[in-house]
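A short write-up of the structure that comes next.
The values are calculated or read from the model by the stated rules, or taken from the named source; none is laboratory data. Worth saying up front: this structure is predicted, and the values here are computed from it rather than measured. Cβ placement follows ideal geometry from the backbone for every residue including glycine, while neighbour counts extend to all protein chains displayed.
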Amino acid sequence: MSKDEELSAEEREIVEAIASRVVDLRMSVPAVVFLEATAPLGFLASQAMLFLKPVLEPFWFAGDYSKLQNMLERREAIQSLVSAIEDAEKTHRISRIR
């Protein structure tokens, strides 16, 4: 089973939306480096998000915040996000060449 198959359809949508936004902001490289460096801390990040939920949730769509928080607990979700950012960056570069 590939890493993308372990994510639900809703989780894949969230991953693709985040990847697209990161590429639009031209933050692909820093985002990938940050995610790779902090992947072992994903569980702690998800717990911090849970603690900060009352403060941060108004800035997110309500359901997406909880889904992202749950996704960060799993290392394969972080790797899927890295892959999605890299794929979106490749697509963006190809579209600029044409």
Residue under question is Glu86, and the condition is that it be surrounded by 13 or more Cβ atoms within 10 Å (Cβ to Cβ) and acidic (Asp, Glu); does it hold?
yes
Residues (at pLDDT 85 or above, within 17 Å of Glu73 (Cβ to Cβ) and of a type outside the set (S, T, N, Q)) located in segment 1-38:
Leu7, Glu10, Glu11, Arg12, Ile14, Val15, Ile18, Leu35
Can you name the number of the only condition in (1) in contact with a Lys or Arg (Cβ under 7 Å, 6 or more places away or on another chain); (2) touching a residue at least 60 places away in the same chain (Cβ under 8 Å) that Met71 fails?
(1)
Matching option when the condition is assigned to a loop (DSSP other than H, G, I, E, B) and charged (D, E, K, R), among Glu73, Glu13
Glu73
For Phe61, all conditions in the list (1) without any contact (Cβ under 8 Å) to a residue 24 or more places away in the chain; (2) hydrophobic (A, V, I, L, M, F, W, C); (3) touching a Leu at 6+ places or on another chain (Cβ under 8 Å) hold save one; what is the number of the exception?
(3)
Of the residues in segment 44-79, those that are of a type in the set (Phe, Trp, Tyr), exposed (fewer than 15 other Cβ atoms within 10 Å of the Cβ) and either in contact with a strand residue (DSSP E or B) (Cβ under 6 Å, 6 or more places away or on another chain) or modelled with pLDDT under 90 (or both) come to Phe59, Phe61
Test for Leu56: is it free of Cβ contacts under 8 Å to residues at least 24 places away in the same chain, under 17 Å from the mean Cα position of the chain (by Cα) and part of a helix (DSSP H, G or I)
yes
Looking for something within 16 Å of Glu86 (Cβ to Cβ) and touching a His at 6+ places or on another chain (Cβ under 6 Å) - is there at least one such residue anywhere in segment 34-46?
no
Any residue at all in segment 21-41 that's in a helix (DSSP H, G or I) and touching a Phe, Trp or Tyr at 6+ places or on another chain (Cβ under 6 Å)?
no
Of the residues in segment 7-38 that are among the small types (Gly, Ala, Ser) and in contact with a helix residue (DSSP H, G or I) (Cβ under 8 Å, 6 or more places away or on another chain), the one that is surrounded by the fewest Cβ atoms within 10 Å (Cβ to Cβ) is Ser20
